[in-house]
Structures are given as C-alpha cells and as structure tokens.
Amino acid sequence: MDLEYSKFSDASKKGSWKTALLFAYQSLGVVYGDLSTSPLYVYKSTFAEDIQHSESNEEIFGVLSFVFWTLTLVPLFKYVFVVLRADDNGEGGTFALYSLICRHANVSLLPNRQVADEAVSTYKLEHPPEKRSSSRVKVYLEKHKVLHTALLILVLLGTCMVIGDGVLTPAISVFSAVSGLELSMSKEHHQYAVIPITCFILVCLFALQHYGTHRVGFLFAPVVLTWLLCISALGLYNMIHWNPHVYKALSPYYMFKFLKKTKKGGWMSLGGILLCITGSEAMFADLGHFSYAAIQTAFTFLVYPALILAYMGQAAYLSQHHHTSYHISFYVSVPESVRWPVLVIAILASVVGSQAIISGTFSIINQSQSLGCFPRVKVIHTSDKIHGQIYIPEINWVLMILCITVTIGFRDTKHMGNASGLAVMTVMLVTTCLMSLVIILCWNKPPAVALSFLLFFGSIELLYFSASLTKFTEGAWLPILLALFLMTIMFVWHYATIKKYEFDLHNKVSLEWLLALGPSLGVARVPGIGLVFTDLTSGIPANFSRFVTNLPAYHRILVFVCVKSVPVPFVPPAERYLVGRVGPAAHRSYRCIVRYGYRDVHQDIDSFETELVARLADFIRYDWHRSQHTSPYAEDDASHSNESSSERRLAVIGTVTFSGTPGYGIEESVEPASVSIGFSTVESVTDVIEMQAVGAGAVERRVRFAIDDDDSESDGQTKMYVQLEEELRDLMTAQEAGTAFILGHTHVETKQGSSILKRLAINFGYNFLRRNCRGPDVALKVPPISLLEVGMVYVV
C-alpha cells in the first residue's frame, strides 16, 4: 500500500499541473453547477419586495457591491484559502470536520471505540498533539459531556440543512431557468406552462437517478463550462453596450450608501443577495472527488471571474432600464437574438447543478447512516469504477415529492429563495463554528486566531442569517421545519443506538459460560460456520446466550462479528479485519471486528463471507506460527489456554506484501503494545499487527520478522503443525457445510419511571422507525435461507 502510494505521488508530481487542470475541468460539472446558476435568481429575489429599482441606481449598484464582496470574502477567502485545507485524508464536508475534531479530542459519541482504531493509517494526526496543560479548550471540551452532545447536535443541524438544500436547490434552479419562457409567452399562458414544465423536468431528473451519474457525467463539465462562458460573454456585452463604468460599483462605499438609503428594507433584502453564494459549500463537500489545487484553480481563475462578470453585466443593463415591462430577472438582460439558446443552456446547467446537490444528499445520508445517526436505508452503488456514486431509492422518491410540492406550493422565486437562503447560511455558520475548533484542536493555532476567524466570517454570515429569519413567514419556515423533523429522527435513532449498546455492554456473558457449554449440559456443536453479529468488541453478547438457551446447539466454527465505523473517511482494506480468538484454540471460536470509514463502500455478503474465512485462515496460520517463533515476551501473554489474553489479543489481518525480508527490530514508546509480523504463506504474504490492551505506562514493542517456507516444511512433522492443519481443515469443512448469520431481532422499551419525553422517543419514535426502515439482515444482504434471528427485548 505504501509502495503504491509513493508511486502515485511520484507520478502526480511529474504531471501535477496537467492533472490539476484536468481535475479543475472535471470539477466544473460536479462542484460548481449550483453556484454557477445563481445569477438566474439573485437579482430577482433581491428586488422581489423589500427594495425597488430607482432612477438613481443606488439600489442596483449597492446590491452589486454586496454581491461582489460576499463572493470575495466567503467562497474565495473563507473556503478556497482556509476551509479547503481542513480536509480529512482528502475528504471534506461537515462530517470530515467532526471526524477531525473527534480524533484530536475525546468528544466522540460513537460506541465501541478501541485503542486499536488509532493505529489505522488514515487516523494519522497531521500535527503533534498539544500537551494537556497547554490546550485549555481541549480539556474543557473533554471535561463537559454536555458539550459532546451539543457538538453532535450542531453537526446534525448542518447535515439536516444540507438535506433541506437538496429539496430546495433543484426546485429553485430549474424553476428559475424555465421562467425565461415568460419573455416569449403571454402572462396568461406563462403561468400555466412554467410550473408543469418544471415539474416534468424534476420528475425526469429523479427518475433517472438509479442509472447513476457516470453514464452522463462526461457531459456535466462541458455544460457548466459553456454556461460560464455564456454568462461571461453576456456580462461583457452588457457592460460595454450599456454602462462601461459599472465597475465603480464594486467599491464598498456603495454598500454603505445602499444601506443608508434603504435602511430596514435593504437589510431584509440581504436574504436575496446571499443566494449568490449558494453552492459554495459544495467546494468543500466534494473535495474527496478532486484535489485542493483543482478546486482552487477552477474557482479562482474561471468560476469567480465569470460570476462577477455576469452580475456586473446584469447591473449594467438594469442601470439603463428602470421601467422594464417585466419584473427584474436574468433573462431581461439577454439579447433577444440569443435568448432561446441561453434558455436551453440555462435549463441544462440547472439540471447539472441539481444533480450535484442530489448526489451530495445521498452521500451525506450514507455517512450519517454509517455513524449511527440515521435509520438504515438501501444504498445502491451505481458504478463499479467510480467510488462514492450511490443511489438511495427511498430518499430519492421523498426528495422528488418534496421538490414538486415546493414548486407547486411556492410558485415563485421569492419564497423558494427565502427558504434556500436560510438553509445555505445555516450550513455555512455550522462550518464556521466547526472550523474554529479545527484551528485550535487540529492545527494547534492560538485561540485568538480561531476567535478572529469565528468573529470575522461569523459576523458576515450572521448578518445574512438574521435577514433570512425575517422571511420566516415567506418561505424560510420550510428549511426550519425540515431540519427539526430530520434532527428529531436522527437524534432519536442515535440516542436509541447508544442505549442499545450500553444494554449489550451491561448484559454480556462471561467467557467461562461459553467454555462450559458442552454435551454435559445438553448443548451440541453442529457442522458449519455461525456468524454472530454484535456491536460489542469484547465479551459474549446476550443475544447468543438467548440463542443457545432456546436452541441448545451452535456451530462448530463460531465467529463473533462486529461491523463498526471508525471516525475516518476510509479504512484501507489491509487494515479492515481485526481478528482474535475467543477461548482456547480447541474451542474454534473467534472474534472478528470489521472496520469501515464513513465513506467506505460496505461489501456484499458473498464477498464478505469469502474474505472473512480467508482472513480467519490467515489468522490461524499467524497465531500458530507466532506461538512457535516469538520471543519470551510473546509467550508470556499468548498462551492459547489463557482466557484473559485470548479475549484481549486481536490482530490486524491484511493482504499487503512486504518488499524484501523485514528486519527484526523493537520500537518503544508509551503506547499500548503492538506486534507487527510478516510471513509467507502458500497463497500470499499477510501483514499482521497484533493489538493488546495493557496497563497504563506500558511500552509499545513493535516486532517485525519473517518466517520462511523452509521453516514451515521442516516443522511440518511437529505436533503443533498437525494441530494447525487440523484447525484449518475444520474451517474449510465448516465453510463447505454452510454459513448461518445470527442476528438480533430487537424490540426496545423504556424502564418504568422514565420521563414522558424518553418514552415518546423510544417506545414510539424509535420503534416506529425500526419497523419501517431496512432491517440489519436487509442492510447486510443476508440470504433468508441462511438467516437466524434471535428475539431480544432491550429495556433502556
């Protein structure tokens, strides 16, 4: 893996500028579709009601000045030069910031965390951690548990607003593009044509989602590029033809002049001006698909100048036309000779922008589901080659219905713009708050730097946010209502998930109970492999004890499987499986922890079963060889009959080959013990890292050595080698006999005396969601013939 990464780095250095330009071009269709279509509705929303276009042009020039400085300060300075640098292994977005914070401070509310997770290569800390005494903010955050919950609620709020934007952006973008028909039709015909055409386009857009964007994705960048060149050319034409001196309005003086004249109306009109930066968050959210240099290049040298020219051109035209026969809109500034081609390009660009936000909504819901903050939904990967392209049927149809409802219900750009503006600004405020914590905790900058960032950008965004709130009764209520509804669902699901984990933790069964099961108690071992799924990373889950109590038999090979999420975007395949024994080798019981990042693609059940058996076989070889060839240090804590060490000892089993023969060496540090071993097998060379929980102040011992095939052949006659072959034979025989998936079928209820709010959340809210969302067997794609469900009642 390291070798592949270094090769990629060398190749990228040689053609870095070519690669950056190619990625910059491709990013136009994915990242900038929403932002680039904002000129369609910014001026129309701004002049909808609060202010009027007058002969003095103070209003139009003031709005242009606000648009220019807003685009300069927020997307350019904040996102391009600051926020994009806060990537999580190349990934961006709200969860990336939360993941970074959780890795640098103990504020995560995710269950089943392990010290071994910190050894994942993508868990790296870019900056050395600060001493506890020097980071008061970190100590304060870790000390107050209520702040952990507040941080999660903040992240969920941003996530819900992104989902809300996924409802509003397609509606306002397509509606604004289609509304260009008003200049070519009578008012009577126009009002009966725009809504049906918009709804038809939206239905087609959502109906085609299951095919994936990779089939038409190659068209996205040319469409947006054409659109940007089109609005740039129109802007230049209007400036030259109507008002060459419009550039003077870029001065901040016109902002103060605008506010002085319009007073409260001007402040309220900021709710329309802020729409010029809608889509800016996509630069950060889609960072994982491209590179920082590509997104920076595309925005700085193409998107930003094109948008400024477009707004200046519209302002130049309107400065000479004060009594237009139609309301202020983008299309009045388009020359009549090119109006139809511009209309077609605008509709295509709005569809591309809508597609980007829909894909982003699917992605963020998948991340929320991975982190236990959203009910299980069906996730379909639409491309085998392009990572991250997913489709969620339930969410897709809900978004479509909501988009059409918004279009028919609001029927104008003003209400849609008010709703969209509030959602956009809330997401930006959340990003600013999280970014301030990243500056302190992850970048180790002085709190004064973070406070300056928070006050400067936060005050700008609060100004726009306050203007949006004044439009509550005129459309801004919709994103608030959607966010409250979604946050309630997400928080209830997360709360119940944590409570279920705590119940499992307090009701797990001891290892002695498992080892005591046998013929003397009337319990039989049947052929096959039994995969017991649990959230626990240690101990015997209560659902297995209930299974054996009701059906006094279990499989010859028993594997306790924990599929868990780690606060990183990706877990390398070579570090995904953490395998260990449960009890002595003769018992044939194992524990397997399968780790995924919040952007990882979960395997289908067939490949998962095959790979799990392969990793078990590798672990068995490693474990027997280790007992033969390790130092006395290993022998002291690796006895197969030692119950406690067997429960604690887990090894990372991967498929990464070493170059040459690894040397033997010991690295010491004040960390938990870790042993690394590489050895040859008949099939492959396997990388194994053993993780063992030890006492505080222990010394990490890192050991690397190789076991040659000749050694295996020379020891082939030993008793231990015979036992190894016997264990491997048992595993293969069990695989041929079949695999059973043992899952809990849960019902959760509250304890007596619980508060009314808790009873409503658990007894009604969570259980309703559980009954109406995908079950764990469907999420894992377990074939019904292999499924064994164990009824469990959780009293929390």
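The values are calculated or read from the model by the stated rules, or taken from the named source; none is laboratory data. Because the structure is predicted, anything quoted here is derived from the model rather than measured. Glycine also receives a Cβ, built like all others from the backbone with ideal geometry; neighbour counts cover every protein chain displayed. The protein model used for the area step is the full one, side chains on, heavy atoms only, and it has no ligands, DNA or RNA in it. Shrake-Rupley method; radii C 1.70, N 1.55, O 1.52, S 1.80 Å.
Does at least one position in the stretch 300-307 carry a residue that is in the same structural domain as SER280 (by the TED database), of a type in the set (Val, Ile, Thr), open to solvent by 10 Å² or more (accessible area, probe 1.4 Å) and in contact with a His (Cβ under 8 Å, 6 or more places away or on another chain)? No - not one qualifying residue is present in the stretch 300-307. Restricting attention to the stretch 553-588, the residues being within 18 Å of SER607 (Cβ to Cβ) and assigned to a loop (DSSP other than H, G, I, E, B) number 4. Any residue at all in the stretch 5-20 that is over 30 Å from PHE61 (Cα atoms), at pLDDT 75 or above and open to solvent by 90 Å² or more (accessible area, probe 1.4 Å)? Yes - at least one qualifying residue is present in the stretch 5-20.
Only one entry of VAL694, VAL722, VAL778, VAL699 meets the criterion of being touching an Asp or Glu at 6+ places or on another chain (Cβ under 7 Å) and either at pLDDT 90 or above or open to solvent by 30 Å² or more (accessible area, probe 1.4 Å) (or both), and that entry is VAL699.
Within the stretch 784-796, the set of residues being closer than 22 Å to LEU558 by Cβ and open to solvent by less than 50 Å² (accessible area, probe 1.4 Å) comprises SER786, LEU787, VAL790, GLY791, MET792. Residues in the stretch 337-375 that are in a helix (DSSP H, G or I), over 26 Å from MET283 (Cβ atoms) and either among the basic types (Lys, Arg) or under 19 Å from the mean Cα position of the chain (by Cα) (or both): ARG339 only.
Of all residues in the stretch 142-154, those being more than 23 Å from the chain's Cα centre (by Cα) and in a helix (DSSP H, G or I) number 4. Taken over the stretch 333-387, the criterion of being at pLDDT 90 or above and among the aromatic types (Phe, Trp, Tyr) is satisfied by TRP340, PHE374. Pairing each residue of the stretch 720-745 that is farther than 21 Å from PHE547 by Cβ with any residue that is of a type in the set (Phe, Trp, Tyr) and in a helix (DSSP H, G or I), provided the two are 6+ apart or on different chains, yields C-beta distances under 9 Å for MET720/TRP624; TYR721/TRP624; GLN723/TRP624; LEU724/TRP624; GLU727/TRP624. Of all residues in the stretch 741-775, those satisfying the criterion of being among the charged types (D, E, K, R), within 28 Å of the chain's Cα centre (by Cα) and surrounded by 13 or more Cβ atoms within 10 Å (Cβ to Cβ) are ARG770, ARG774. Remark: VAL601 matches the filter, which requires a residue to be modelled with pLDDT under 85 and either part of a strand (DSSP E or B) or of a type outside the set (Asp, Glu) (or both). The residues of the stretch 71-100 that are within 15 Å of the chain's Cα centre (by Cα) and either in a helix (DSSP H, G or I) or outside the structural domain of LEU454 (by the TED database) (or both), listed by number, are THR94, PHE95, ALA96, LEU97, TYR98, SER99, LEU100. State which residue pairs qualify: first residue of a type in the set (Phe, Trp, Tyr) and inside the stretch 760-787, second residue assigned to a helix (DSSP H, G or I) in any location, beta carbons under 7 Å apart, and separation of 6 or more residues or different chains. Once the first residue is of a type in the set (Phe, Trp, Tyr) and sits in the stretch 760-787, its partners that are assigned to a helix (DSSP H, G or I) give TYR766/VAL492; TYR766/TRP493; TYR766/ALA496.
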